[in-house]
Amino acid sequence: MNNLVEFLQNIYHQGWQLWSENGQLCYDAPQDKSTDSILATLKQHKTEILQLLSNIDLYQTDGLQPVAFPLTEAQKQFWFLDQLEENSRQAYVDQFCLELEGVLDGYTIEQAIQKIVERHEALRTRIDSEGNFQEVLPTVNMQVPLIDFSNSSANERESQVAAWLEEEIQKPFNLSQAPLLRAYLLKLEEKLHWLVLRIHHIINDGLSIEIIFRELAAFYSAQDEGKVCQLEQPMQFREYVEWQNQISQTQAMTASESYWLAKFSGSIPVLDLPTDRSRPPIMTYGGSRQTLKLDGSLFEGIKRVSKQQGCTLFMTLLATYKIFLGKLTGEVDIVIGTAARGRALAGSKNLIGYCNNVLPIRSSIDDSLTFSEFLSKIRGILLDDYQNQDYPFPKLLNQLNLERDHSRPVLFSTLFNLDRIQVLPTMSGLKTKLVPTPKQFVPYDLVLDITETEAELLFKLDYNLDLFDKATINRWLSHFQTLLAAIVTNPEQKLGQLSLMTKVELEQLLVEWNNTKTDYPREKCIHQLFEEQVEKTPDAVAVVFEQQKLTYSELNSKANQLANYLQKLGVVPESLVGICVERSVEMVVGLLATLKAGGAYVPLDPSYPPSRLNYMIEDAQLSIILTKEKWQHHLSDTKASAICLDTDSEIINQQSQQMPENQVAVNQLAYLIYTSGSTGQPKGVTIAHQGLLNLVFWHQRTFEVTSSDKASQIAGVGFDASVWEIWPYLSAGASLHLVNSETRLSPEALRNWLISEQITISFLPTPLLENLCTLEWPAQTELRSVLTGGDRLQNYPSAALPFRIFNNYGPTENTVVTTSG
């Protein structure tokens, strides 16, 4: 009898099914197995087998040993992420909800799922706790609990089901315990149920869930209709793993490895998406989803463009997504991940298991190309990449040995998928449809999942909640649609001419929102505004540098004396006066005195190389330079007269403290400042008083500058940011606090200085700001506004900082600032 039980268990694992019906022995045999010898044995032992079927569980597997085999490279990565980052566990669990309308037999559903689990080893698989191997258990008892919500009102039921789903989504899998599949039956009404399946990616991919649904329908319908379900014996995942191990040793795989390593040699691009919040130092996986349906006419246009270019829909949409990301970020070298099915092995179409392989699609964007040319380029890249699609992505990561940035995914930040809508098989007596479930976890910054139906495209954009707002994602979906429409209208348009915004949005941005005209006193120069402030608050502190302080009255007197001296030296309106001093009280006196004399100042940073300083002096044809004795050696090769504000102070102090007269007009020069220049040589930019006034009044209004403010002066005198660090405050009665060079070089010291000086408004160059943002700050400080600019802001500042940050941009020719926000 024991030998007969062993025989029956063996043929059961080959796909045979036996049962008794009206005293007869019935069977269901797989189509691809030889049956003659087995049938002969069944006929010979028919009576004993019928007795066994009535007295014991034929399919009990006591004494059978689990089957162990290695993990694939992809499975190793899933296991590693599960162990390394606890908050990533739910990100790699798929959840599906199948609505079943009609008279449902819950027991038959459970039995159907049990049979699927028995057919497919992957669904009985656990992962060794050390990640060394995976193990197929001989049997797994699959239960499908029934959760009854049918006694609740419609409104209560909706909220109860949503709460249940949200709670269930939070439950992780223990990879060392099989099954890595959970099934629940939710009863909503007497004839309305939801079958909820949760399955870990380590044993499942997109095709696997289709197989599960297909077999579920087949087993359920056969049982419901009293028929025998005959399914082709499936390939098992261990066979697939064996095949993968075999091809890993081939010359073709060696060539594929060389292909991918060459593609990612050198520096690896990072996609810095414009986030709504600062990126956490450790990547989080909380996610959500926004969707957009593309209307049929635009869908038809995309298909038409694809056909004209000899490309698939996938190629066209991926190329568009590349352009979209380039427009968002300004990047030209972009990597996007996409999933290849990885089922080149014959017979793997009915296999359940994770067979996908991620392909990192890398390409550069050239704005001079037309979309048609770019699409042709993408087509070539994709064909080459898919020729090498069997090389495991995790193995590529190991070979690249990249330094891990725990704040973002490895190698690429966004995934792109295109699938046709899943056609659900018919289930006896039931209407079925897939119900969207909440998206609470996402393994990348963005995942664009596009579903193709006969008539439309459905865009599903999954996003990281710690980085993006819902409004941002919906705006991006709209912009993506705008980009597609522009491409369909004219695929020969150059990439640089394509826009993410509609004409209405561009009009709003460039005209309506840019209508910043406002009235301000246009007839006065900046030094005259300062003099009016002297009359209002003569004893208020104007300038502070270390232990030095000057009131408005004292600063005015010193500037008047120097201005009178400059006029005696021949300074008249639009005379250019160089000023080569470090950040100091003397610097402020020199700048103000030059304006009071009627001249225009030319800042010369003493830290510049002498050759650069000499070029600027000669180019500006300077005849007078304000400096200090310690900087005179920098100016030894010039013909200009140097006035040392320290050693020449005796003669300067003999001048009148009365305001000098000058006839300077608002359309005449206030300053000339040198930029780097596109030719390599510094380029001088002239700014008149009226442009400076426009900046000053806008600044005061936008940042609500008052006489009680304390502003910092941190930028070098040669950087045009120093212009708006000084004049908006000295013309408003605020106090200007100058930082010394040593403090400026230390983020910690600078933070402490800003706090101790009780600074309320500060400009910080972008790299300096990013360093300060990583430091701890008190919950409350006097500092309310920090302005930055001069470089790209790489990381979004934390909302926990006790001050607001304003990012600014503007070429020097536009008087420091053009955009601010």
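The values are calculated or read from the model by the stated rules, or taken from the named source; none is laboratory data. Quick caveat, the model's predicted, so the values are computed rather than measured. All Cβ positions, even for glycine, are placed from backbone atoms using ideal geometry, and neighbour counts span all protein chains on display.
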Exercise. If you take the residues in the range 361-394 that are of a type in the set (Ser, Thr, Tyr) and buried (at least 20 other Cβ atoms within 10 Å of the Cβ), which one is nearest to ILE487 (Cα to Cα)?
Worked result: SER363
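The rows are residues; the columns are (1) part of a helix (DSSP H, G or I); (2) under 17 Å from GLY790 (Cβ atoms); (3) touching a strand residue (DSSP E or B) at 6+ places or on another chain (Cβ under 8 Å); (4) at pLDDT 85 or above.
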site	(1), (2), (3), (4)
THR686	no, no, yes, yes
VAL696	yes, no, no, yes
THR706	no, no, no, yes
ALA711	no, no, yes, yes
THR743	yes, no, no, yes
Seminar exercise, completed: Note: among GLN114, GLN160, just one is without any contact (Cβ under 8 Å) to a residue 40 or more places away in the chain, crowded, with 17+ Cβ neighbours inside 10 Å, in a helix (DSSP H, G or I) and not aromatic (Phe, Trp, Tyr), namely GLN114
Exercise. Failed condition for ALA471, given (1) over 28 Å from LYS377 (Cβ atoms); (2) outside any helix (DSSP H, G or I), with all others met?
Worked result: (2)
Problem set entry | Neighbours by Cβ (under 7 Å, 6+ apart or cross-chain): first from the range 36-48, within 10 Å of LEU25 (Cβ to Cβ); second not hydroxyl-bearing (Ser, Thr, Tyr) | LEU42/LEU25; LEU42/ILE49; HIS45/LEU4; LYS46/LEU25
For this session: Pairs only if they're at least six apart or on different chains, beta carbon under 8 angstrom, first in the range 546-575 and closer than 14 Å to SER656 by Cα and touching a residue at least 24 places away in the same chain (Cβ under 8 Å), second charged (D, E, K, R) and surrounded by fewer than 22 Cβ atoms within 10 Å (Cβ to Cβ); list them, first residue then second.
Result: ASN556/GLU531
For this session: Scan the range 242-261 and report the pairs whose first residue is closer than 16 Å to PRO394 by Cα and whose second residue is in a helix (DSSP H, G or I) and of a type in the set (Asp, Glu), with Cβ atoms within less than 9 Å and a gap of 6+ or a chain change.
Result: GLN244/GLU73; SER248/GLU73; TYR259/ASP384; TYR259/ASP385; TRP260/ASP385
Seminar exercise, completed: Within the range 208-224, residues buried (at least 19 other Cβ atoms within 10 Å of the Cβ) and either within 31 Å of the chain's Cα centre (by Cα) or in a loop (DSSP other than H, G, I, E, B) (or both) come out as SER208
Exercise. At pLDDT 90 or above, under 25 Å from LYS349 (Cα atoms), surrounded by 14 or more Cβ atoms within 10 Å (Cβ to Cβ) and in the same structural domain as ASP94 (by TED's automatic domain parsing), is that true of ILE199?
Worked result: yes
Exercise. Among the residues of the range 131-143, is any under 26 Å from LYS433 (Cβ atoms), at pLDDT 95 or above and not assigned by TED's automatic domain parsing to the domain that holds SER348?
Worked result: no
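Yes/no per residue for (1) farther than 30 Å from GLN654 by Cβ; (2) modelled with pLDDT of 95 or more; (3) not assigned by TED's automatic domain parsing to the domain that holds SER649:
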| residue | (1), (2), (3) |
| --- | --- |
| GLU454 | yes, no, yes |
| LEU457 | yes, no, yes |
| ASP462 | yes, yes, yes |
| THR502 | yes, no, yes |
| GLU531 | no, no, no |
| THR551 | no, yes, no |
| LEU555 | no, yes, no |
